[in-house]
Amino acid sequence: YCVEFRTESLSQHCALESRPYARWMQYLREGHTVCVTCQPPAMNTDTQRCSGDGHNADGGKILHWEAVGNPRCQGTWKKVRQLEECSCPPVHSFIFT
């Protein structure tokens, strides 16, 4: 499944990222909608959910995220909705880890 989040805040360290494999962090912006896919191995086999997917969070709850590979690139977002498949462009599509 896929979860859409609206980015509320992010640290300045995301924009400063220049390593080739992590350049995607430069494209993160406050107010943008991003899609995050939940799939194995991040998906818990018992609950069929990914940790941090905001399952019990209403739209007003602020949730925290952190980029893999650069823990200083972090921020907050709010859950918009859960979908079966993601509909975001590739630059705004991510996976739970």
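The values are calculated or read from the model by the stated rules, or taken from the named source; none is laboratory data. Keep in mind that what you see is a predicted model, and the values were worked out from it rather than measured. For neighbour counting, all protein chains shown are included, and Cβ atoms are generated from backbone atoms with ideal geometry for every residue, glycine included. The accessibility values were calculated without ligands, DNA or RNA, using every heavy atom of the protein model including side chains. Shrake-Rupley method; radii C 1.70, N 1.55, O 1.52, S 1.80 Å.
Couple of notes before you dig in:
- Long-range neighbours under 9 Å by Cβ, at least six apart or interchain, first residue on the phi > 0 side of the Ramachandran plot within segment 46-60, second part of a loop (DSSP other than H, G, I, E, B) and open to solvent by 80 Å² or more (accessible area, probe 1.4 Å): Gly54/Lys61
- Filtering segment 65-88 to residues that are open to solvent by 100 Å² or more (accessible area, probe 1.4 Å) and farther than 18 Å from Tyr27 by Cα leaves Arg81, Glu84, Glu85.
- Among (1) surrounded by 15 or more Cβ atoms within 10 Å (Cβ to Cβ); (2) out of contact with any helix residue (DSSP H, G or I) (no Cβ under 6 Å at 6 or more places or on another chain) - the single one His55 does not satisfy: (1)
- Condition broken by Thr37, with the remaining ones in (1) surrounded by 14 or more Cβ atoms within 10 Å (Cβ to Cβ); (2) over 18 Å from Tyr1 (Cα atoms); (3) hydroxyl-bearing (Ser, Thr, Tyr) satisfied: (2)
- Elements of type strands (runs of 3 or more DSSP E) contained in segment 2-97, each with 3 or more residues being at pLDDT 90 or above: 2-10, 33-37, 62-67, 70-83
- Ser9 vs. criteria exposed (fewer than 15 other Cβ atoms within 10 Å of the Cβ), in contact with a Gly (Cβ under 6 Å, 6 or more places away or on another chain) and touching a residue at least 40 places away in the same chain (Cβ under 8 Å): yes
- Condition broken by Arg23, with the remaining ones in (1) free of Cβ contacts under 8 Å to residues at least 12 places away in the same chain; (2) within 26 Å of Asp58 (Cα to Cα) satisfied: (2)
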